[in-house]
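Take a look at the structure below.
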Amino acid sequence: MVPSEDRNWAVGAHLGSFAAAYVALGLIAPLIVLLARGGQSPFVRRQAIESLNFQINALVIIAIGWLLAIVLIGFAILAVYGVFYVIVVVMATIKASRGEDFRYPLTIRLIR
């Protein structure tokens, strides 16, 4: 059983990255959660790292999409990835609020 405070921090790692993605880099929220609470809770650490890895991947894919926008295929990549991004972040947030681990699909895990 995961304490509710830990679940709230994990939700913050996922949902905060979603909110920050449109203002700044989505990396900020999971990084703050990892630094603030990651050392105290293994669950929060796992979820913050998972969110951070996904945000790094998202940053790379969006950059590639913008580069490929020159040849028009990038617009399709950005549209499809945008829908994928919203769906998986919402799924991760729901799982974290239940105290369950979530692994983002199609994510290269650079940080462990």
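Table for the structure above
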read-out	value
Inter-site label distance for SER97 and PHE75 at 7 Å from Cα along Cβ, in nm	3.5
Relative contact order of segment 13-112, pairs being alpha-carbon contacts under 8 Å that are 6 or more residues apart, as %	28
Hydrodynamic radius by Kirkwood, which averages 1/r over all alpha carbon pairs of the chain, in angstrom	14.1
Segment 77-95 and segment 41-70: distance between their alpha carbon centers, rounded to Å	11
Helix-derived mean residue ellipticity, 222 nm - over the chain, DSSP H n ≥ 4, -39500 (n - 2.57), to 500	-24000 deg cm²/dmol
Net dipole in debye of the chain [+1 Lys, Arg Cβ; -1 Asp, Glu Cβ; about Cα centre; nearest 20]	180
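Each reported figure results from applying straightforward, stated rules to the coordinates on display, with no laboratory input. Computed from a prediction, not measured in an experiment: that's the story for all the values here. Positions of Cβ are backbone-derived with ideal geometry, glycine not excepted, and every protein chain shown enters the neighbour counts.
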